[in-house]
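Asks: Following this message is one structure expressed as structure tokens.
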Amino acid sequence: MSTFSGLNTAYTGLTAARRGLDVVGQNIVNANVDGYTRQRVTLSSVPAVGNRFSTGAASGEGVNVDGIARLGNIMLDNQVRSTASAYGFANVRATSFAKLESSLREPGDEGLSARFDAFAGAWQDVANQPGEAAPAAVLINEAKALAGQIATGYNEAVGEWSRVRGDLDGLVAEVNSAAASVAELNAQIRKGTAQGVSVNELVDQRDRLAAGLAELTGASVRSGEDGMIDLVVDGNALVAGAKSSGLVAVGAPSMTGAASAGVHLEWAALPGTIVSTSGEAGGLVSLLASAADGGPIAKAAEQYNALAAKLASSVNELHAAGSTTGGATGLDFFAFTAGAPAATGLTVVPTSAAGIATGVAANGAADGSVAAGIAGLFGQPGSVSKDWSDYVTTFAASSKAATTTAKGAETAASNALGAQAAGASVDMDEENVNLLMYQQAYQASARVLSAVDEALDTLINRTGLVGR
Amino acid sequence: MQRVTNQTMAANAQRNLQASLQQMARLQEQGSSQKRILTPSDDPRGTADVIAIRSQQRAADQYERNIGNGEGWLTTVDTALGNATDILQSTLQRTVQGANDGALSQEAKNALATEIDGLRDALLKEANSTYLGRSVFAGSSNEGKAFAADYAWTGTDGASVERKVADGVTVRVDANGKDAFGEGATSVFALLGGIAADLRAGTPVSGRIDQVQGALDGVIAAHATVGAQHTQLQRAESVLATATVDLEAQRSKAEDIDLAKVILDLNVQSTVYQAALNVTARVLQPSLMDFLR
């Protein structure tokens, strides 16, 4: 033990206290940074070093700063990622369901059920006054309004499909760039670790990106070498160490082609293999599925087509059997534009009372029985208007389920985030206490230094002066 | 024990305030729209009820229009048959007068004949009564007149005019002209023409009195039938009026909010929100820094 080792011991104390203060400062200034994980200086005492010139008991050699620890918890981080993935999936679905639901405009006076009733009412007015211009004009307008509303509903479904498709493309771009960033950070972390530099801030950034990717794709994290991580999607690595792979969205760009060319994700490097993901990407892909595969948007559009077809066939069947006041028979009331979906191609054939078949010729020209029969088509079980109200109820139930799932997933995700933040976030009171602690430690170490200094001063300057 | 930090406290406070505010926004929306079901998923089953009830309400509106239209038809028929009864009663009087063979001069008989001709024309006019351009005694025919100049009836048997007044219920709103007035040579018009001709020719008309009485009975019988139809229509109207009130009550129950409850909830929620704000403000404020020099 050297004479001056006391000075060195005090010096290590001063250094440790200063590093402690630095870390407290870093924690405090980053307290509100998203994804920041609190850090601590890890210290250890330096044991006594024996040498052959000194014997007897010796004190330790001071304190050593081992490093700066990042107080994160892998289990909590995993929980955050898995709940984020479930929330991402449920949330995009709930959002889309809500949009489709608002396009139903039910219950209310703007919905299709009101249009069906108005159409049926207009037929009764025509039945009351066959051949008259005024009720015929009202009927034709109501029919056009009904056809228009069916087309609007269909177009809204098509528009929602396109929006979701666009979202998927945007999401894939976001995933690819985030994956590239994770790979880049992995490389920096490997380098930093090799050089012995603290990489805590880089790890924070990377974990934040990984959590984002988990929400987008459901990617799970696998710890790799040298502090790097791999992100795994559907069994394959989205990020493997310092390398990242890209995803592409493949399939029809618009809803009409979705039945033949279903939308899905593929690895850019492996065309033809479908990647099934959870998270937001999984939610979007499930929304884009064809009606046969249970895609809610395509199903909604199909429902409008079915309504248009059933409306036209049921009305035309009775209408063609009746005759106009002028005696013409075999006329259609609704027709379809060739090449267009039934919902948007539905057109009204008659342009005036002369084209509307109102009754049976044998009963006299002013017979309204056919018109009354058509009016009676609506509201009965199995009728087109009942189909619509059944669809609204069914859709509302699915929408409610989607919302409930999303709310549950949101609670789980926010609980997981809360648990993570409880462990990792900065507590000001705690940091203040640490601040005081390190400050006191610094002062005390300085006191030790001056005490040793004074002792040496006594030895060097005041010894050997006896009798002088 | 979970660690509590300023961040977790702030995040919790924010989440709670957000939840509270969302709940308040929902109550406010309900209060201002007065609707319990704002989107179908608020209550899928209730939505089905509301759609069905609203549909019934619109059907009821249509029935009301149908009844109004039927009322017009039946009133026209009613008036026409009432007038026809009066005309035939006058005819009966003239015929009885004309049957006094010994007491009447030929001039007087001629005058009676002219009078009966006039009554016949008036009767024909009643039989050709129209409502909104449609002959009320010609069923679903769209001929301008129910009875042509040769007294031929232009209607078709069985082709009556009906109005739907409730789900599955129709009421006939016209009268069969052939049943009320007969047609062609056997019609009441031909009968009146025959009486006038007999009077002019000096042929005794006492035998015609029973025929006129028979025609009068026919018209009165038709009038009674129309009266029954009218009663049926009026009953349907009063049933519909009750149903309209019931439907509105049902709709309101299914769709509308309980205002008192929503306002109470809103007040409670607003108190909760303010309390949450207050607590948050107190809790987030102090830290150790406030107490260190």
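Rule-based calculations on the coordinates, nothing more; no lab input. Just so we're clear, the structure is a prediction, and the values are computed from it rather than from any experiment. Here the Cβ is made from the backbone with ideal geometry for all residues, glycine too, and neighbour counts use every protein chain on show.
Asks: Residue separation times 0.36 nm, minus the C-alpha to C-alpha distance between A:E317 and A:Q195: what's the value?
Replies: 35.5 nm
Asks: Additional query: Restricting everything to alpha-carbon atoms, can you work out Rg to Rh for the stretch A:323-422 with a Kirkwood hydrodynamic radius?
Replies: Computed over Cα atoms, the ratio is 1.39.
Asks: Net charge around B:T85, counting only other residues with Cβ within less than 13 Å of its Cβ (Lys, Arg = +1; Asp, Glu = -1)?
Replies: -4
Asks: Can you give the local net charge around B:T225? Use residues other than it whose beta-carbon is closer than 12 angstrom to its beta-carbon, Lys and Arg +1, Asp and Glu -1.
Replies: Summing Lys/Arg as +1 and Asp/Glu as -1 gives -2.
Asks: Right, another one. Students often get this wrong, so check it: of A:K99/A:K386; A:K299/A:K407; A:K407/B:K35; A:K310/A:K407; A:K407/B:K253, which have C-alpha atoms separated by over 32 Å?
Replies: Violating the 32 Å limit, Cα to Cα: A:K310/A:K407.
Asks: Using Cα atoms only, what is the angle between the long axis of helix B:6-33 and the major principal axis of chain B, expressed in degrees (0 to 90) to the nearest 10?
Replies: For helix B:6-33, the angle is close to 20 degrees.
Asks: Taking beta carbons within 10 Å but only from partner chains, what does the mean come to for residues B:129-140?
Replies: Averaged over the peptide's residues, the number is 3.
Asks: Do the sum for chain B: with -39,500 (n - 2.57) for every DSSP H run of n ≥ 4, divided by all residues, what is the mean residue ellipticity at 222 nm, to the nearest 500 deg cm²/dmol?
Replies: -24500 deg cm²/dmol
Asks: Related question: Among B:V4, B:S187, B:A236, flag the residue with its Cα farthest along the positive direction of the charge dipole of chain B, charges on Cβ as +1 for Lys/Arg and -1 for Asp/Glu.
Replies: B:V4
Asks: Can I ask one more? Pulled fully out, how much extra length does the chain show between B:Q22 and B:Q211, if you take 0.36 nm times their separation in residues and subtract their Cα-Cα distance?
Replies: 59.5 nm
Asks: Something else: Work out which helices of chain A, taken as complete DSSP H runs, extend at least 27 Å along their axis over the Cα atoms and score a mean Kyte-Doolittle of -0.5 or more, then list them.
Replies: Taking the DSSP H segments of chain A (at least 27 Å long, mean hydropathy at least -0.5), we get A:5-29, A:74-102, A:133-195, A:296-321, A:384-424, A:428-462.
Asks: Using a 10 Å cut-off around each Cβ of peptide B:30-41, what is the average number of partner chain Cβ atoms that fall inside?
Replies: Whole-number average of other-chain Cβ neighbours for B:30-41 is 4.
Asks: Between A:V232 and B:R3, what is the spin-label point distance in nm, taking each point 7 Å from the Cα along the Cα→C-beta axis?
Replies: Between A:V232 and B:R3, the label points sit 2.9 nm apart.
Asks: Taking N as the number of residues in the protein assembly as shown, what is its alpha-carbon radius of gyration divided by 2.2 N^0.38 Å?
Replies: 1.70
Asks: Here's something else I'd like to know. Which value in Å is the Kirkwood Rh of the stretch A:21-84 over different Cα pairs?
Replies: Result for the stretch A:21-84, one decimal place: 15.3 Å.
Asks: I need the per residue convex hull volume for the stretch A:278-357, using only the alpha carbons, in cubic angstrom as a whole number.
Replies: 89 Å³
Asks: So, one more: log₁₀ I(q)/I(0) of chain B at q = 0.07 Å⁻¹, via Debye over equal Cα point scatterers, no solvent, to two decimals?
Replies: Taken in order of the listed q values, log10 I(q)/I(0) reads -0.53.
Asks: Continuing with the same structure: Determine the shielding of peptide A:130-140 by partner chains: average, over its residues, the number of Cβ atoms on other chains within 10 angstrom of each Cβ.
Replies: 1
Asks: If only Cα atoms are counted, what is the Rg of the stretch B:1-117, and what is its Dmax, in Å?
Replies: 40.1, 130
Asks: At R0 = 41 Å, how high is the FRET efficiency between A:S223 and A:D390 if r is their beta carbon distance? Nearest 0.05 is fine.
Replies: Working from the Cβ atoms, E equals 0.20.
Asks: Relative to the present Cα-Cα distance, how much length would full extension add between B:Q234 and B:T79 at 0.36 nm per residue of separation?
Replies: Extra length from B:Q234 to B:T79 when fully extended: 54.1 nm.
Asks: Right, another one. Just to be sure I follow: if Rg is taken over the C-alpha atoms of the stretch A:110-201 and Rh is the Kirkwood radius over the same atoms, what is Rg/Rh?
Replies: Radius of gyration relative to Kirkwood radius: 1.64.
Asks: Moving on. Determine how many Å³ per residue the convex hull of the Cα atoms of the stretch A:33-165 encloses.
Replies: 161 Å³
Asks: Okay, next question. Can you pull the one-decimal nm distance between simple spin-label points at A:R163 and B:T271, each 7 Å off the Cα toward Cβ?
Replies: My value for the distance between the label points is 4.0 nm.
Asks: For the pair A:S102 and A:A292, what calculated FRET efficiency results from E = 1/(1 + (r/R0)^6), where r is the Cβ-Cβ distance and R0 = 35 Å, to the nearest 0.05?
Replies: 0.85
Asks: Same structure, new question: On a C-alpha basis, how far is the centre of the stretch A:396-466 from the centre of the stretch B:48-109 in Å? Whole number, if you could?
Replies: Here the two parts' Cα centres lie 101 Å apart.
Asks: Modelled label-to-label distance, B:Q89 and A:K243, 7 Å Cα→beta-carbon offset: nm?
Replies: Spacing of the two 7 Å Cα→Cβ label points: 11.2 nm.
Asks: What per residue convex hull volume, in Å³, do the alpha-carbon atoms of the stretch A:170-280 yield?
Replies: Once divided by residue count, the hull of the stretch A:170-280 is 85 Å³.
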